[in-house]
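Reviewing the structure listed below.
Computed from the coordinates by the stated procedures, all read-outs in this text should not be read as laboratory data. Note that the structure is a prediction, hence the values are computed from the model and not measured. Every residue, glycine as well, gets a Cβ built from its backbone with ideal geometry; the counts of neighbours run over all protein chains shown.
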Amino acid sequence: MQKENYNSTIYALSSAEGKAGISVIRVSGNKASEVIKKLGGTTSYPRIAKIIKLIDPDNGEIVDKAISIWFPGPNSFTGEDTVELFVHGGRAVIDKIFDILARFNGLSFAEPGEFTKRSFMNGKLDLTSVEGLADLINADTELQRKQAFSQMEGSLFKLYDNWRTMLIKSLSYIEANIDFIEEDLPKNLLEKEMLSVGIILDQINRHLADGKKGERLRDGYRVVLAGAPNTGKSSLLNLLSNRDVAIVSSEPGTTRDIIDVYLDINGCPIIISDTAGIRDSDSNIEQQGIDRAKARIAESDLILWLKDSSLKENIAYPYSSDKNIIEVSTKSDISIIEREGLCISVKDNSGIEELIDLIGINALNGCATEGSFITRGRHRDSLIKISNSLTNVIHKDLGSIEIIAEELRSACNALGKITGRVDVEDLLDVIFSDFCIGK
């Protein structure tokens, strides 16, 4: 990728907002060396932590005792000259240093994700690695961390770029056949390249047939508590979340808005949703809640269908579905009828551990645990287009060689858009806006 020149030098807080023992301020750009020298530091010792008295260059006042690290480009995160200042993390200290930096000509406060954008534009990261970095920052569970770190380190880039390299090779041979049709080229050249394209197509189709496990791990495994009114959905949600997040009442129809709780089970991010009780209702407001419940059920990965075990009869799950459904009998502490299957009580906690284990097992089966998985819809959309193009190549008459070349070129460009090897300007603002300021 061609490097892009930036005239401005940017700065921002790279550590978390708020009071802290230590905060990190990053400065990146062609004026970074001037900045550190005027603040009392040095550029004589690259990548070595130096204790400095950080001064206000306008009056010589010592503002803080800090640690500075100088990273000359291109051997820095952004690929530019960069200095990182480790300062005391009080608000007044940060504000004073920002005030000093704002006085430098050519310095500007960084936009969200601008440091990472410069890293991408300078060829330090590809787009999938950028997205992996964003996911690593936002990871809440161990499995999310592992997937994000693997992607940041280039697992998806290596896979996609290898496919692109192989397709470019096939494309070059086919274009040679077009350009030098009268030359003495191997007779089986086209058949050989079609075989190579078929192998790549098979690999891409298997990659697509992943059950969306990578996206599910990134976004969360959705579990819905569903059932008739007063089957204990809200009580169970409160127990699982270990706090009162839902109103519990004996009056049917209390729950109308969907309430989500986020849990970490076996390293999987679980989103458990309490929904309105399913029944026929004359209340317009309650019916809206029921409609929302049905919509959430349709989006779910696992449905816990709750039944009141103290009642002789319960409504069965009323919808046709290919989703995972676990029937759970609640209020087992007051039931006089022996029930089959999983029985729980939020009063004495019986069956709760077994229920959590079942949720965890289903989540592990539904989320990525090892390997390189698709993590974003934009990857999947591009890969589907690539699969269609390569399928067209495989099924084209070899006499339509120009069309074959065009389909291969389209596939190569689509792979390049995933990693950022070809023009993706329209994607950049969307991707980098996910970052906080300072990254």
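Structure data summary
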quantity	calculated
Approximate spin-label separation residue 340-residue 384, in nm, with each point projected 7 Å along Cα-to-Cβ	4.0 nm
Lysine pairs within the stretch 9-124, Cα separation less than 17 Å, 8 or more sequence positions apart or different chains	13
Per residue, the convex hull volume that the Cα atoms of the stretch 9-124 enclose (Å³)	92 Å³
Coordinate range along principal axes, alpha carbons of the stretch 301-396, Å, largest first	68, 29, 19
Quotient of Cα Rg and 2.2 N^0.38 Å for the stretch 11-62, N being how many residues it contains	1.23
Nearby lysines by direct alpha-carbon distance to residue 347 (threshold 26 angstrom, same-chain neighbours under 8 apart not counted)	233, 307, 312, 331
Förster-model FRET efficiency, 51 Å R0, residue 50 and residue 395, C-beta, rounded to 0.05	0.20
Loop sites in the stretch 9-99: trypsin sites (Lys or Arg not before Pro), DSSP, at most 13 other Cβ within 10 Å	19, 47
Computed E for residue 168/residue 271 - FRET, C-beta separation, R0 41 angstrom, nearest 0.05	0.50
Extreme residue, positive dipole direction of the chain, given options 172, 98, 41 (C-beta unit charges)	41
Residue 325 long-range amide H proximity, modeled H, under 5 Å	303
Low-density loop cleavage sites - trypsin sites (Lys or Arg not before Pro) in the stretch 284-336, where at most 12 other Cβ are within 10 Å (DSSP)	312
Residue 324 versus residue 191: modelled label distance in nm, points set 7 Å from Cα along the beta carbon direction	4.8 nm
Bins of 20 Å from zero: percent of alpha-carbon pairs in the chain	21, 36, 33, 11, 0
Spin-label pair residue 108/residue 242, simplified geometry with 7 Å Cα→Cβ offset, distance in nm	4.6 nm
Within the chain, longest stretch clear of exposed GluC sites (Glu not before Pro) (DSSP loop, no more than 16 other Cβ within 10 Å)	184-312
Per-selection Kirkwood Rh - the stretch 119-164 (Cα, Å, 1 d.p.)	10.6 Å
Per-selection Rg to Rh, the stretch 221-366 - Cα, Kirkwood hydrodynamic radius	0.93
Pairwise FRET efficiency - residue 349 versus residue 422, Cβ, R0 = 51 Å, nearest 0.05	0.35
